[in-house]
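Written below as structure tokens is the structure these notes are about.
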Amino acid sequence: MTTTAHRGARWIERWEPEDEGFWAATGKKIASRNLWFSVFAEHIGFSIWTLWSVVVLFMGPAYGFSAADKFLLVSTPTLVGALMRLPYTFAVARFGGRNWTVVSAALLLIPTVLTAIVLHPGTSLGTFVVMAALGGVGGGNFASSMTNINTFYPERLKGWALGLNAGGGNLGVAVIQLVGLLVIAVAGATQPRLVLYIYIPLIVIAAGCAALFMDNLATVRGDTKAMREVVRHGHTWVMSLLYVGTFGSFIGYSFAFGLVLQNQFGRTPLQAAAVTFLGPLLGSLSRPLGGRLSDRIGGGRVTFVTFAAMAVATAVLILASSARSLALFTVAFIVLFILTGVGNGSTYKMIPAIFRAKARAAIDEGADETAELLKARRLSGALIGLAGAIGALGGLFINLAFRQSFADAHSGVPAFVAFLVFYAVCVAVTWAVYLRKPVAQVKPALAGV
């Protein structure tokens with residue numbers, strides 16, 4: 001490993017994680033350090049992104065907002081976060097992974113401080129929509145973090161590393177909801193600013209740790225053409241669809257769970273907050289499991305089974321809603337969260353495996369090994385960012401579906417029916433593209449990734 005002095009000590013020029021000697025001597029230690037501090041910064045980003053899933057629980061009658069207004073507030077950061085993921089993916093190549101982690105973490109201060117200033121009854125809905133939109137910047141942190149960590153790890157460890165990175169980041173959803181629960185339980189449902197006061201110093205610490213302990217890889221600097229190249233691959237759009245079903249479900253349900261409990265079962269803010277954190281918590285913890293299982297038996301197989309189970313869990317939610325069974329509804333929803341986490345891990349394992357398989361096929365045909373493996377890392381990093389952006393839009397669709405469902409039917413059942421149909425489509429697509437016997441259009445090396 002070498003560094004470039006004129007760029008600063010945090011730039012690494014040589015990075016060959018597939019070289020077992022390099023990995024054992026220096027690569028593993030450096031990659032692990034970058035992974036953990038990336039997880040911390042991404043974790044805080046997720047918390048600020050999903051801040052409004054907590055804030056709306058504090059918005060009692062004094063605020064004068066309807067259920068549809070509150071679903072609008074949780075939909076807004078979902079949309080902005082999804083849109084931010086594409087430029088955040090490019091930012092890693094343009095500025096360096098460590099440098100952009102510092103900047104993206106520091107940017108979280110803007111929505112946090114401004115929201116703390118305006119968060120009180122009497123503030124207009126429009127002002128709150130702007131604050132929610134600003135909070136969407138936290139959604140971009142995931143794309144840059146995953147793109148960055150993907151470049152640090154060898155193929156055989158990507159499923160675990162990406163699952164751990166994403167799962168640790170996703171835990172930010174559960175943690176901020178736990179913080180909200182504690183604030184409601186201790187100070188009451190009229191002190192939402194306390195949540196923000198807790199996170200302001202954590203944001204500063206995350207940015208500082210990234211500056212002190214993370215590194216930039218020169219091998220990915222300036223690689224802004226990968227996105228244009230990756231959009232020409234058919235697998236890009238298939239994987240983006242599958243990621244809508246896994247991560248889109250996770251983030252959409254994370255924003256909506258508390259509101260659904262309040263509006264469908266009449267839960268109080270404290271009662272809703274006491275349950276809502278469990279789904280994102282268990283969904284986050286199950287994400288590395290999805291990556292680990294995929295490392296062993298293949299991401300396509302894990303994804304297929306996961307979508308089938310998600311369809312079954314959604315059917316149970318429909319039955320529980322119709323029967324007005326709060327206990328069955330809550331259990332089924334939490335199981336659905338766990339499955340989204342497993343699917344998150346398995347789909348992200350599939351992405352580098354697809355391009356690695358393509359690289360191996362090209363190498364077998366006489367292409368240069370080093371160039372093809374580097375290309376595989378570039379394209380998988382670009383697809384991670386693109387799929388992350390498109391997948392996050394799934395969260396927007398979920399919240400819009402709930403908003404319309406409650407407006408028209410005063411129930412979430414129509415929305416759950418739509419989700420059930422979508423999961424069935426994902427089951428069929430996963431089987432057709434990645435599990436059935438290879439056909440002429442699919443290279444044998446890509447089957448069962």
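The values are calculated or read from the model by the stated rules, or taken from the named source; none is laboratory data. This is a predicted model, so every value here is computed, not measured. A quick note on method: Cβ atoms are made from the backbone with ideal geometry, for glycine too, and the neighbour counts reach across all protein chains shown. Note: areas computed on protein heavy atoms with side chains; ligands, DNA, RNA excluded. Shrake-Rupley method; radii C 1.70, N 1.55, O 1.52, S 1.80 Å.
Results, tabulated for the structure shown:
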read-out	value
Segment 19-41: number of residues that are farther than 14 Å from R98 by Cα and either open to solvent by less than 50 Å² (accessible area, probe 1.4 Å) or of a type in the set (S, T, Y) (or both)	5
Residue that is modelled with the lowest pLDDT [pool: residues in segment 307-323 that are open to solvent by less than 40 Å² (accessible area, probe 1.4 Å) and among the hydroxyl-bearing types (S, T, Y)]	S321
Tally, over segment 79-121, of residues that are at pLDDT 95 or above and among the aromatic types (F, W, Y)	1
Residue check for F213: surrounded by fewer than 18 Cβ atoms within 10 Å (Cβ to Cβ), aromatic (F, W, Y) and in contact with a helix residue (DSSP H, G or I) (Cβ under 9 Å, 6 or more places away or on another chain)	yes
Extreme residue, nearest to L383 (Cα to Cα), among residues of segment 343-369 that are of a type outside the set (G, A, S) and open to solvent by less than 10 Å² (accessible area, probe 1.4 Å)	I351
Subset of segment 407-426 [among the hydroxyl-bearing types (S, T, Y) and at pLDDT below 95]	S411
Segment 363-389, residues that are part of a helix (DSSP H, G or I) and of a type in the set (D, E, K, R)	D364, E369, E372, K375, R377, R378
Candidate set: segment 270-294, residues that are crowded, with 21+ Cβ neighbours inside 10 Å and modelled with pLDDT under 85; chosen: the one nearest to the chain's Cα centre (by Cα)	R287
Filter result for the condition that a residue is within 16 Å of the chain's Cα centre (by Cα), more than 24 Å from A407 (Cα to Cα) and among the small types (G, A, S), over G96, G81, G21	G81
Criterion (touching a residue at least 40 places away in the same chain (Cβ under 8 Å), closer than 30 Å to A189 by Cβ and assigned to a helix (DSSP H, G or I)) met by exactly one of S294, S249	S249
Segment 99-114, residues that are open to solvent by 50 Å² or more (accessible area, probe 1.4 Å) and more than 21 Å from T127 (Cβ to Cβ)	V103
Residues of segment 324-342 that turn out to be over 14 Å from G279 (Cβ atoms) and either open to solvent by less than 40 Å² (accessible area, probe 1.4 Å) or not in a helix (DSSP H, G or I) (or both), as a count	2
